[in-house]
Amino acid sequence: MLFHPCQPKPIYSHEVAYVGNDIKGEAATTKYLYPEVDFDFGLYGNWSLPKPRLRFWKRWQKLPPYKKAFETLSKGKMPQADVPVLYSSAKINLNCTLQDCIEWDVITLRTYEVLACKGFLITDVVPIAKKTMQD
């Protein structure tokens, strides 16, 4: 799939958008993504929780607040063909980089995809990205 600027669509014209799931961990998700619940947050991906059963009820009640909020906010998985449209339509696109990528000094593909769509991106500081994209 080629990423390029697309005609914005109202359905994807969020103040802030993020495509992904919960692999970044509680600390990163709470710090970078959870504050967006107060905005028009276009959250896409698998954020569903297992339904609480009586024997797991106490553990379910202790879930971090973002998990319950994101289950409600999430618009679910989106077709891959619509991702460039989202990146072109949202005011701000978020990228929450895995710590390993930061330590290995790797620019994630999402960085290039959002920029190829002329989207505005907020991402973690990765030294090689800062060096490569300074101009």
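The values are calculated or read from the model by the stated rules, or taken from the named source; none is laboratory data. In this text, all values refer to a predicted model and were calculated from it rather than measured experimentally. Quick reminder, even Gly has a Cβ in these numbers, built from the backbone with ideal geometry, and neighbours come from all protein chains shown. These accessible areas exclude ligands, DNA and RNA; they are computed on the full protein's heavy atoms, side chains included. Shrake-Rupley method; radii C 1.70, N 1.55, O 1.52, S 1.80 Å.
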What full-extension length gain, to one decimal in nm, is calculated for Thr132 and Leu49 as 0.36 nm per residue of separation minus the Cα-Cα distance?
26.0 nm
With every protein chain in place, the accessible area of Thr72 for a 1.4 Å probe, in Å² rounded to the nearest 10, comes to 120 Å²
So, taking all protein chains as they sit and a 1.4 Å probe, how much accessible area belongs to Asp100, in Å² rounded to tens?
80 Å²
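Looking at the chain, which longest stretch skips every one of the chymotrypsin sites (Phe, Trp or Tyr not before Pro) that is in a DSSP loop with at most 15 other Cβ atoms within 10 Å, leaving the sites themselves out? If you can, show how the numbers build up before the last one.
Numbers: sites that count: Phe39, Phe120.
My reading of the result: 40-119 is the longest stretch.
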For Ala28, net neighbour charge (Lys/Arg +1, Asp/Glu -1) across residues whose Cβ lies under 14 Å away
-3
Determine which lysines satisfy two conditions relative to Lys9: a Cα distance under 26 Å, and not lying fewer than 8 residues away in the same chain.
Lys75, Lys77, Lys91, Lys118
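Could you please report the charge total around Val83, scoring K, R as +1 and D, E as -1 over all other residues with beta-carbon less than 11 angstrom from its beta-carbon? List each step's numbers first, then the result.
Numbers: positive: Lys77, Arg110; negative: Asp82, Glu113.
Residues close to Val83 contribute a combined charge of 0.
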For the chain, the Cα-Cα pair-distance distribution in 5 Å bins from 0, as whole percents, is 2, 10, 18, 21, 19, 15, 8, 4, 2, 1, 0, 0
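Suppose a student asked you for the relative contact order of the chain, using Cα pairs under 8 Å spaced at least 6 residues apart; what percent would you report? Write out the running numbers ahead of the final one.
Details: 203 pairs, mean separation 45.3, N = 135.
The value is 34 percent.
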Inter-site label distance for Lys68 and Leu2 at 7 Å from Cα along Cβ, in nm:
4.7 nm
Residues in region 8-26 near a label at Phe39, defined as backbone nitrogen under 16 Å from the 7 Å Cα→Cβ point?
12-20
Surface accessible to a 1.4 Å probe, Lys24 within the full protein complex, Å²:
50 Å²
